[in-house]
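Working notes, structure below.
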Amino acid sequence: MRVVSVEIEDVTGAKRQRADIPDDIPLKRVITALITKMKLPAVSPSGSPLNYQLHHKASGRSLSESDTLANAGIRDGAVLKIHPVVVAGNRNCESRIANRESQQAATEWIKVSFRTNATCAVVDNYIKSR
């Protein structure tokens, strides 16, 4: 076991947390601890439970919650973004986020859906109009 020092950012970039994380712990456990430590919401505006995911900021790569920092190749100094996996009305919204070509588009999608509590179609139309 090795300890990896990383920077964690929330989806807006407003909350940052430095974390020293053992590289052999499943990321699901890390995410659970980060939600509490960073005081992230546990439920969406509509009352649905939120699940979170980590992304390696430099590569834009999603990290599996069953993975470890060692298996994912995360090194000291890495910046990881934690963001909710949003299901705004149906499961198709979650796949739309996962299939976005860029992490920036997915981040924008999440910000808009949380701010407006809108359906997939409304949020998609908003992003297309920008």
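Can you pull out every residue in region 1-18 that is more than 16 Å from residue 75 (Cα to Cα), of a type in the set (Lys, Arg) and not in a strand (DSSP E or B)?
Residue satisfying the conditions is 15 alone.
From the set of residues in region 19-59 that are over 11 Å from the mean Cα position of the chain (by Cα) and in a strand (DSSP E or B), which is surrounded by the most Cβ atoms within 10 Å (Cβ to Cβ)?
21
Quick one: how many residues across region 63-103 are polar (S, T, N, Q), at pLDDT below 90 and either under 12 Å from the mean Cα position of the chain (by Cα) or at positive phi (or both)?
Of all residues in region 63-103, those polar (S, T, N, Q) come to 64, 66, 68, 71, 90, 92, 95, 99, 102-103.
Subsequent filtering for residues that are at pLDDT below 90 retains 90, 92, 95, 99, 102-103.
Add one more test, that the residue is either under 12 Å from the mean Cα position of the chain (by Cα) or at positive phi (or both), and what stays is 103.
Summing the residues that are polar (S, T, N, Q), at pLDDT below 90 and either under 12 Å from the mean Cα position of the chain (by Cα) or at positive phi (or both) in region 63-103 gives 1.
Output the residue which, of all residues in region 1-50 that are closer than 19 Å to residue 69 by Cα and polar (S, T, N, Q), is modelled with the highest pLDDT.
Taking the candidates together, the pick is 5.
Quick one: in region 2-18, which of the residues that are within 19 Å of residue 32 (Cβ to Cβ) and aliphatic (A, V, I, L, M) is surrounded by the fewest Cβ atoms within 10 Å (Cβ to Cβ)?
Only one residue fits best here, namely 3.
So residue 67 ticks every box in (1) surrounded by fewer than 16 Cβ atoms within 10 Å (Cβ to Cβ); (2) in a loop (DSSP other than H, G, I, E, B) but one. Which box is left unticked?
Every listed condition holds for residue 67 apart from (1).
The values are calculated or read from the model by the stated rules, or taken from the named source; none is laboratory data. Since the structure is predicted, the reported quantities are computational estimates derived from the model, not experimental observations. Heads up, the Cβs are rebuilt from the backbone with ideal geometry, glycines too, and the neighbour counts pull from every protein chain shown.
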